Amino acid sequence: MGRTLAEKVWDEHVVRRGGDGEPDLLYIDLHLLHEVTSPQAFEGLRLEGRGVRRLDLTIATEDHNTPTLDIDKPIADPTSRTQIETLRRNCAEFGVRLHPLGDAEQGIVHVVGPQLGLTQPGMTVVCGDSHTSTHGAFGALAMGIGTSEVEHVLATQTLPLQRPRTMAITVEGELPEGSTAKDVILAVIARIGTGGGQGYVLEYRGSAIRALSMEARMTICNMSIEAGARAGMVAPDETTFAYVKGRDHAPTGADWDAAVEHWRSLRTDDDAVFDAEVVIDAAELQPFVTWGTNPGQGLPLSAAVPDPEAMADQGQAAAARRALEYMDLAPGTPLREVAVDAVFIGSCTNGRIEDLRAAAEVVRGRTKADGVRVLVVPGSARVRLQAEAEGLDRVFTDFGAEWRFAGCSMCLGMNPDQLAPGERAASTSNRNFEGRQGRGGRTHLVSPLVAAATAVRGTLSSPADLEAPQPLVPA
Amino acid sequence: MDPVTRHTGVGVPLRRSDVDTDQIIPAVYLKRVSRTGFEDGLFSGWRQDPSFVLNQPAYSSGSVLVAGPDFGTGSSREHAVWALKDYGFRAVLSSRFADIFRGNAGKQGLVAGQLAQEDVELIWKQLEARPGTEVTVDLQERVVLCAELVAPLQIDDYTRWRLLEGLDDVGLTLRDVDAIDAFERERPSWKPRTLA
């Protein structure tokens, strides 16, 4: 019988097969580190007198705690500073390559790996961060791990893992104008639920996925974890090869040819069988927004806030009641009438150059809504430079947005970029959990296009809701 | 790591589903660089509410958390497990766990035991009717005991074995160092390296 993409990549990395319910020991091709989940792992190595087995397969950057303003000044928050300083000390002591704040390659770890060409098809990639699933867009098996596992990989370059099941998410057809990768994944999560992917590696397939750019595929794979999945993958193709080619760590010459030849074999065989399958019609996907406090609580922008009393499932109804109370939303309110205080464009989900270009096209020549704070945060220092080379920074600042330095920023409340209690945001990030963007903050997850249009109108909106911008010079 | 075979302690009913790791320990507590001292961050948002279960004296010394389905979703932060352990919990029972949380728990000696949702409901009723009731989690026999109830406990064989033996993961893997060496000799030369 044929094998799925996930099974092929898995099989290629088995160091020791575990019998009888025991996990397989898997080799790890790339280990990404950041300041939050690594300190206790290094402490563990030190306590046991162990070193890093493969420094040449390990790389670190600073992202979660880093401020996005005044990055040349010492970090004000003492605990944030301690975490950053601890990473720097650990990397120096053990010899790990580090891209610190201020470095040209610094940025969100899941933006940095792909842009350096370190993420390639068929690899196993791990990081102490659940959004490691991002790298699956290359046909890599990429998984978020905990700190004990970080220590394990540092010491052994392997990880004991239970073989996952596989689920096909097939998206056929053409996405309507204005619908994007973010809307695809929000719709997938709303369909299968926040636990629907548990124990599975998802493989996104179908003509709508094939038509997506690498960056759009990264957005989709990034949020696989929000459906509870172990990982998300897209089979590598010409789009993938073109993206990898020429990057700093991409193979060259004969190595490139050998690599591509192998990468072409990394597709699910026609006679392979998935353990589960979900089919989605791309043509039906409208811009999606979340109304609740988990990423599965989402609806098309054209819908209204749902009524928990009308929900058949009692568990879902109770969760919805609690969510609406936290979100301060009344059932029946059209989502388009929900007014926001802030718009955040960035994160490992939507902080890459294409995301910034898409948002900039919407706001170009327009002015932001009064009273709305708009934060645009590139995913990496290199994305920031690229955007500035294209003049996008000026488009955003002319619009009235704040143009920041790279980092996780307002995606999570670990750095100075946070919502105040009761504030509501349209955010291109990945989690709308209670307090995720700051204690008491309320989050609506949206695509960059919807975020930008919302910043123009001040209520949840798509670009189709906007009037044409006023020309600067009367015709 | 200390072996875990059987634990008895006060049960705490947490009637919520989708308890994500941001609720278990908000991101602001992740800035520490030590391995202990996270108990103050546990459910810190909810603990602001005087009626929250852990603020009730009968439950405050609990060590067996009984939660709704999909416990531990969201971020991979192992701090969630540390916070539960530092607070004094030795076991969490739920009808469904997020994969990363379950993996993290097993590595730290926290039992993440799966029960049927009907059994969770029965235990909740008991714990609420008689606050302070003890729950026994018996890994050896794979059962949970609460008052008259004897509920089958689901936990995978490998995690159970490691908990029973108190085995350290890295040490276990390093028994296979020859296999790792052999695997490395066969890796293709074009695989990327972070160092020149």
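Mean residue ellipticity at 222 nm from the helices of the protein assembly as shown, using -39,500 (n - 2.57) per DSSP H segment of n ≥ 4 over the full residue count, to the nearest 500 deg cm²/dmol?
Calculated at 222 nm, the ellipticity per residue is -9000 deg cm²/dmol.
What does DSSP give for chain A in terms of the percent of beta bridges that are antiparallel, rounded to the nearest 5? Intermediate results must be reported in sequence, preceding the final value.
On the way: 13 of 54 bridges.
Approximately 25 percent, going by the DSSP bridge assignments.
Find out how many positive minus negative residues lie around B:ARG175, taking Lys and Arg as positive, Asp and Glu as negative, among other residues whose Cβ is under 12 Å from that of B:ARG175.
With Lys, Arg at +1 and Asp, Glu at -1, the neighbours total -3.
Would you please classify the overall shape of segment A:136-267 from the alpha carbon gyration tensor, given that a ≥ b ≥ c denote the square roots of the eigenvalues, rounded means a/c under 1.5, and beyond that prolate means a/b larger than b/c while oblate covers the rest? Present the calculation step by step, with values, prior to reporting the outcome.
Values: a/c = 2.02, a/b = 1.07, b/c = 1.89.
Taking the square roots of the gyration eigenvalues as a ≥ b ≥ c, segment A:136-267 is oblate.
Please express the Cα-Cα pair-distance distribution P(r) of chain B as a list of whole percents, one per 10 Å bin, running from 0 to the bin with the greatest distance.
All Cα pairs considered, the percentages come to 9, 33, 32, 15, 7, 4, 0.
With a/c under 1.5 counting as rounded, go ahead and sort segment A:332-465 into rounded, prolate or oblate using the C-alpha gyration tensor (a ≥ b ≥ c being the square roots of the eigenvalues; past the cut-off, prolate if a/b is larger than b/c, else oblate).
On the way: a/c = 1.80, a/b = 1.18, b/c = 1.53.
Verdict is oblate for segment A:332-465.
So which of A:LYS8/A:LYS245; A:LYS73/B:LYS191; B:LYS31/B:LYS107; B:LYS31/B:LYS85 end up more than 29 Å apart by C-alpha? Working shown, then result.
Values: A:LYS8/A:LYS245 23 Å; A:LYS73/B:LYS191 38 Å; B:LYS31/B:LYS107 21 Å; B:LYS31/B:LYS85 18 Å.
From A:LYS8/A:LYS245; A:LYS73/B:LYS191; B:LYS31/B:LYS107; B:LYS31/B:LYS85, over 29 Å: A:LYS73/B:LYS191.
Taking the Cα centre of segment B:6-166 as the origin, how large is its charge dipole in debye, to the nearest 20, when only Lys and Arg (+1) and Asp and Glu (-1) carry charge on their Cβ atoms?
Roughly 440 debye for segment B:6-166.
Of the beta bridges DSSP finds with both residues in chain B, what % are antiparallel, to the nearest 5?
Around 50 percent antiparallel, to the nearest 5.
Can you tell me the orientation of helix B:117-129 relative to chain B, as the angle in degrees between its alpha-carbon axis and the longest Cα principal axis, to the nearest 10?
The answer is roughly 50 degrees.
Where a ≥ b ≥ c are the square roots of the eigenvalues of the C-alpha gyration tensor, would you call segment A:5-277 rounded, which needs a/c under 1.5, or, failing that, prolate if a/b is larger than b/c, or oblate?
Taking the square roots of the gyration eigenvalues as a ≥ b ≥ c, segment A:5-277 is prolate.
Among residues other than A:GLU402 whose Cβ falls under 12 Å from its Cβ, what is the net charge (Lys/Arg +1, Asp/Glu -1)?
Spelling it out: positives minus negatives among the neighbours equals +1.
Where a number appears in this text, it was derived from the coordinates with a stated rule and is not lab data. Predicted model, so just to flag it, every value in this text is computed and none were measured. Every residue, glycine among them, receives a Cβ derived from its backbone with ideal geometry; neighbour counts consider all protein chains shown.
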